[in-house]
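**Student:** What follows is a single structure, and I will ask about it in a moment.
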Amino acid sequence: MLRLILIGLLLLVIFPVLASAAKVMSADNSHWSTARRDSTGIAPDPKTTPEAVVQVYAARAFNWRGIFGVHSWIAVKPEKAESFTRYEVEGWGVSSGRESVRIGSYRPPDAYWFGNYPELLVDIRGAEAAALIPQIAAAANSYPYRDRYTIWPGPNSNSFVAHVARNVPGLRLDLPPTAIGKDYRTDGIFGVAPSNTGLQLSLFGLAGVTLALEEGVEVNLLGLTVGIDILTPAIKLPGIGRIGFPQGPS
C-alpha cells in the first residue's frame, strides 16, 4: 500500500512539477527590470469599446516562482470610461509598510507579467459587467490582509482574487490549479468555493478539498492542487496546470 501511495505521489505531484521546471527554466528569463510588461492586445480598446468590461487574468509568476504558480489580477472598465482599473496584490514594499492591495491604471489591463503572457479567465461585458464593477470594488476594499504578503501558502495575489471572487458570485471564477494561495481563505476554514458554485474546506491553504460545479473536484496538499474538472473536462496537476479542454471564456 505504501508503495502504491509513493507511486501515486510521483505521478501526480513530483513529475508534473519537474516537467514544469524544465519548461520554465528553459525559457528566456530576463532580469525583472527588462522583462516585458507592455500590453498583449487581449483587452479591448476603451476608445472603441464604450460598454462596461470585467476581465480576470493569470500569468506565470516570474523566474523560478513560475515553476509552481501564477499571478492573477482583475481589470475593470466602467461604461464610457477612458481606461481600465487593475485590482491586484503585490508583495513589493509590504515589508516596508506599503499596502499589498494595488488599485489603479499603473499598467495595461492585459500586460505581460514580467515577460509571461497572461491567460484570460473571465470576460464579461455590458450591463452584467456594469453591475459587477461596484461589487468588485467593495470586495477588494474588504480584503483583510492588506498588511501581509506571503508567497506560500498565502495570503498572496491569488488569495486576493479568490477573496474577491467569493464575494462577487457573478464572476463564477475558476482559478487555475497553479494559482497557489487561492485556497488560503479569508473567511474561515469552510465556505463557498471561489466560483460560488460549490463548497471548500481548507486549512490555511496547506490542505483541503473543493467540490464545485466550476472547479470540479480539487485536493490541495501543501498548496499544490490535484483534481478533475467535470464541467470543462480536464485533469488538474501541480506545476503543469490543466490537461484537457481549455479554461476561460469561449
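**Student:** Please count how many residues of segment 157-199 are more than 19 Å from G227 (Cα to Cα), touching a helix residue (DSSP H, G or I) at 6+ places or on another chain (Cβ under 9 Å) and among the aliphatic types (A, V, I, L, M).
**Tutor:** 4
**Student:** Looking at segment 148-160, which of the residues that are within 9 Å of the chain's Cα centre (by Cα) and more than 13 Å from T178 (Cβ to Cβ) is surrounded by the fewest Cβ atoms within 10 Å (Cβ to Cβ)? Give the derivation first.
**Tutor:** So in segment 148-160, the residues within 9 Å of the chain's Cα centre (by Cα) come out as 157-160.
With more than 13 Å from T178 (Cβ to Cβ) added as a condition, the list becomes 159-160.
Details: S159: 28, F160: 31.
Of everything passing the filter in segment 148-160, S159 is surrounded by the fewest Cβ atoms within 10 Å (Cβ to Cβ).
**Student:** Next up: Looking at (1) at pLDDT below 95; (2) closer than 21 Å to P194 by Cβ; (3) touching a Lys or Arg at 6+ places or on another chain (Cβ under 8 Å), which is the only condition S105 fails?
**Tutor:** (2)
**Student:** Please enumerate the residues belonging to segment 123-162 that are part of a loop (DSSP other than H, G, I, E, B) and of a type in the set (V, I, T).
**Tutor:** Looking only at segment 123-162, we keep the residues that are part of a loop (DSSP other than H, G, I, E, B), and these are 126, 142-156.
Passing the criteria: T150, I151.
The values are calculated or read from the model by the stated rules, or taken from the named source; none is laboratory data. Note that the structure is predicted; figures quoted are calculated from it, not measured. So basically every Cβ, Gly included, is an ideal-geometry build from the backbone, and we count neighbours across all protein chains shown.
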